[in-house]
Amino acid sequence: MTRHAHSRHRLLAVLSLLLALVAMALVPVPGAAAQSDWWTPTARPAPDSGINVTGAPFQGTDANGQVRGFVDAHDHLMSNEAFGGRLICGKPFSQLGVADALKDCPEHYPDGSLAVFDMITKGGDGRHDPVGWPTFKDWPAHDSMTHQQNYYAWVERAWRGGERVLVNDLVTNGVICSVYFFKDRSCDEMTSIRLQAQKTYEMQAYIDTMYGGPGKGWFRIVTDTAQARQVVQQGKLAVVLGVETSEPFGCKQILDVAQCSKADIDRGLDELYGLGVRSMFLCHKLDNALCGVRFDEGALGTAINVGQFLSTGTFWQTEKCAGPQHDNPIGLVPAPVAQQELPAGVAVPSYAADAQCNTRGLTELGEYAVRGMMKRKMMLELDHMSVKAAGQAFDLMESQSYPGALSSHSWMDLDWIERVYKLGGFVAQYMNGAEAFSAEAKRTDALRDKYNVGYGYGTDMNGVGGWPGPRGADTANPVRYPFRSVDGGSVIDRQTAGQRTWDINTDGAAHYGLVPDWIEDIRLVGGQGVVDDLFKGAESYLRTWGAAEQHRAGVNLAAGSTASASSAEWNPFTSFAPGRAVDGDAGSRWASDWSDDQWLQIDLGSEHLVKRVTLAWERAYGKAYRIEVSTDGTNWRSVWSTTTGDGGLDTAQFAGVPARQIRVHGVQRGTQWGYSLHEVGVYST
C-alpha cells in the first residue's frame with residue numbers, strides 16, 4: 001500500500017468515526033421521548049381522566065405573524081372555592097388525585113336530596129347519584145349546575161383541541177353564600193377572590209410538576225400580551241385572570257347608601273392588578289355602589305331579586321327604556337325556596353310590562369372605578385351592566401378612545417356589538433347549542449368582516465348557567481368520532497374518565513373536555529366559516545388587550561382656551577360664562593339662553609389636527625346639534641352631527657381635519673331649558 005493510499009484510508013476512518021458520533025447524538029436515548037412529544041407529561045397521576053387526543057398541539061403563528069386558536073373569554077376554574085365553598089362540588093385538581101377532586105359535596109349523599117341549589121336552578125327535587133369518579137352516573141352533565149366541570153385534564157383536552165387563550169374569572173357572591181345552608185368559610189367576596197387567584201397559581205404549579213418543574217407545563221398564567229403571545233407561540237394555553245363578583249372592594253349599597261369610598265376602589269384595583277387580574281366586571285347580579293345590573297329572567301331572576309333585597313334593602317326598580325336597548329325581562333316566576341328567606345310581610349314586587357330597564361346606571365363611584373381601570377390599562381366587562389350603566393361606560397371609554405371593552409358571554413344588549421368593535425373591543429358569545437350559536441354568529445358576521453376581527457366563546461363553566469344539550473345520535477349530521485382538530489394536526493376521540501365515556505351527540509356539553517366536540521358540532525351545523533372566525537379569536541382578544549396596554553390619554557387642546565357663545569344665562573349668584581366649559585372644573589358649566597339656535601365656540605389659539613370632541617352635558621342637553629370647524633373663524637363647515645342626543649357624556653369622532661376654531665352648534669334642545677356643558681374636550685387622537 002502506498003503512503004498516499006494509507007493516508008486516504010486513515011482520513012476515511014476518521015470521517016466514519018465522526019459520522020458515527022453525530023448519528024449517535026441524533027438517536028433518542030431512553031427517557032428523551034418527552035422532547036419529541038413535549039405535550040405528554042412524564043408524571044401524570046394514575047389513575048386519571050383520559051384526554052383521548054392524539055397528535056401534536058400546533059405551535060407558532062400564521063404567515064401574517066398572528067397567533068392562531070380559540071379563546072374562551074369567560075370561564076370559572078375555581079368557583080368551587082366561592083359561595084362559601086360548598087355550592088360547586090368537586091375541584092379542578094387535587095394533590096390526592098382524581099378520586100378526591102371529582103367527588104360530590106358531603107351533604108349530597110346518599111341521594112342528592114339536600115342539593116338545594118340544584119332545586120332552585122334546575123327544578124325537581126335535586127336527587128341524583130352523588131358518586132363522581134369512577135362511575136359518573138349523573139354528573140357532570142350539561143344541566144347540572146353544582147358539579148365540577150373544569151377538571152384540569154378536561155381543560156387539557158380543550159387546549160389540545162385548539163384553545164389557546166382562557167380567561168379565568170374569579171367569581172363569588174356574598175349574598176348567595178350567606179343564605180346558602182352549607183358553607184365552610186367566610187362569605188367575604190374579596191377573601192374568596194384572593195383564594196381563587198392563589199388556587200389558579202397552584203393549579204399551574206400542579207401541572208408543571210407533571211412536566212418536570214416550574215414553567216414546563218401547558219397551563220401558563222400571563223399578565224401582559226407579550227407573555228401571552230410567547231405562550232401561544234410555544235403551543236401552550238395562555239390563562240388570563242378576570243374578576244366577576246357582585247360587590248367588589250366591599251362596594252355594596254344599603255338603602256342606596258354606598259358602603260365604600262374612592263380610596264377603597266383604588267386599593268382594590270391595585271390589589272387585583274397585583275394578583276394578575278387584567279379584566280373585571282364592576283357589577284354582577286346585584287345592584288351595588290358602582291352600577292345597576294342587567295336583570296335575570298324566570299325563577300332564577302326572582303331568586304336573585306330576593307338576594308338583591310337581602311343585600312341592599314331594596315328590590316330591583318324598573319322604568320321605561322329611553323332608547324332601543326333594554327335589559328333582560330325581569331324574573332317574575334315564583335322561586336319558593338328563595339322567597340322563604342324574605343322577612344315576614346315582605347314580598348317580591350310586580351313590575352309593569354312596558355318598564356324593561358333598570359333605573360340604576362353608573363354611579364359617581366362607578367365612573368371613578370371605570371376611569372381607574374382605564375388608568376391601569378385593565379379591560380372592562382360590559383356584560384351584566386344595566387343598559388343605563390353600560391351606556392354610560394361606553395360614553396366614558398369613547399371619550400378617551402379606550403379600546404379595552406369586552407362582552408364575553410352575551411349579557412350585553414346585542415344591538416351594541418358594533419359599539420364595542422368601534423372602540424377596538426372584543427366580543428364572545430355564550431356557549432349556546434350549535435344551532436343557536438351558529439345563527440347568532442352569522443347575524444353578526446358582517447360586523448366582524450367590517451372590523452376585521454375574530455370571534456370568541458364564553459363557556460361560563462361552573463357559572464350556574466346551563467350548557468348545550470345533546471342534538472341526538474339520530475340527527476342528520478351528528479359528530480362522528482374520531483374527528484380531526486380544526487388545525488388538522490390532532491385526532492379527537494370520545495372522552496373517557498373512569499367508567500364513563502361522553503359523546504356530544506347524546507350527552508351535550510357535559511364538561512370542559514367536550515369543548516372541541518362542541519366546536520366540531522358547530523362546524524357541522526353552522527359551517528366552516530363560523531369555526532374560522534372562532535379560530536381567529538385568540539388574536540383578536542390579544543389585539544384588544546394589547547391596545548388597552550398601549551393606550552395613552554390624549555391632550556385636551558381646549559383646556560384653558562378662549563371661548564365665546566351666542567348667549568350665556570344670567571344668574572346673580574354664579575357665572576355661566578362660555579369659559580366655564582373649558583376651565584377643567586367638572587363642577588362649573590356654560591349655559592345658554594332657553595332657545596334652540598345657540599352655539600359655543602372655542603379658539604385653540606393655533607391650527608391643530610382635530611379628530612374627536614367630547615361633550616359633558618349638564619341636564620340641559622342638546623338633542624340635535626352639530627360640530628363645526630374653521631381655520632379662520634369666518635368660514636365654517638360641519639364635520640359631525642346628531643339628531644338623537646341623550647345627554648350625559650357624548651363623543652363626536654370624525655376623520656381628522658385641520659382647525660383652529662371649534663363650534664358646538666345647538667339645533668334642538670333636549671329639555672325645556674337651553675344648552676349647558678360642564679366641559680368640552682378637543683383631541684387630535
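Taking the square roots of 5 times each eigenvalue of the Cα gyration tensor of the range 403-469, largest first, gives ellipsoid semi-axes of 21, 14, 9 Å. Axis of helix 262-275 versus longest Cα principal axis of the chain: the two differ by about 20°, to the nearest ten degrees.
Between Tyr201 and Gln550, the FRET efficiency estimated from the beta carbon spacing at R0 = 25 angstrom works out to 0.40. With a simple spin-label model that places each label point 7 Å from the Cα along the Cα-to-Cβ direction, the separation between Ala655 and Leu414 comes to 3.4 nm. Heavy-atom accessible surface of the chain, averaged per residue, reaches 40 Å², computed with a 1.4 Å probe. Reducing the range 307-365 and the range 586-613 to their Cα centroids gives an inter-centroid distance of 40 Å. Would you mind getting me the FRET efficiency between Lys442 and Gln672? Use the beta-carbon distance for r and R0 = 60 Å, nearest 0.05. Plugging the Cβ-Cβ distance into 1/(1 + (r/R0)^6) gives 0.85. The simple Förster model, with R0 at 35 Å and r as the Cβ-Cβ distance, assigns Thr562 and Ser261 a FRET efficiency of 0.40.
If one computes the Cα centroid of the range 660-681 and of the range 376-448, what distance in Å separates the two points? Each part reduced to its Cα centre gives a spacing of 29 Å. Within the range 537-560, which residues have the backbone N less than 17 Å from the label spot 7 Å out from Gln227 along Cα→beta-carbon, could you tell me? Hits in the range 537-560 for Gln227 at 17 Å: 542-543, 545-550. Taken over the Cα atoms of the chain, the convex hull encloses 213 Å³ per residue. For the pair the range 241-272 and the range 480-533, the centres of their Cα atoms are 40 angstrom apart.
Spacing of the modelled spin labels on Thr61 and Thr506, each 7 Å from Cα toward Cβ, amounts to 4.5 nm. Gain on full extension, evaluated as 0.36 nm per residue between Glu435 and Asp597 minus their Cα-Cα distance, stands at 53.1 nm. A simple spin-label model places the labels of Gln499 and Thr40 2.9 nm from each other, with each point 7 Å out along Cα-to-Cβ. Along its principal axes, the range 146-227 has C-alpha extents of 41, 25, 23 angstrom, given from the largest down. Alpha-carbon geometry of the range 200-290: the Rg and the Dmax are 17.1, 55 Å, given in that order.
Counting only DSSP beta bridges whose two residues both lie in the chain, roughly 65 percent are antiparallel. Using just its DSSP H runs of length 4 or more, each adding -39500 (n - 2.57), the chain gives a mean residue ellipticity at 222 nm of -9000 deg cm²/dmol after division by all residues. Using a probe radius of 1.4 angstrom, the carbon and sulfur fraction of the accessible surface of the range 147-219 is 59%. When you restrict to C-alpha pairs under 8 Å that are six or more residues apart and normalise by the size of the chain, the relative contact order lands at 14 percent.
Sorted largest first by accessible area at a 1.4 angstrom probe radius, with every protein chain in place, the residues Thr312, Thr562, Thr631 fall in the order Thr562, Thr631, Thr312.
Between Ala446, Trp316, Leu609, the Cα set farthest toward the positive side of the dipole of the chain (charges on each charged residue's Cβ, about the Cα centre) is that of Leu609.
The values are calculated or read from the model by the stated rules, or taken from the named source; none is laboratory data. Not measured: the values here are computed from a predicted model. Virtual Cβ from ideal backbone geometry, glycine too; neighbours counted across all protein chains shown. SASA here: full protein model, heavy atoms, side chains in, ligands and nucleic acids out. Shrake-Rupley method; radii C 1.70, N 1.55, O 1.52, S 1.80 Å.
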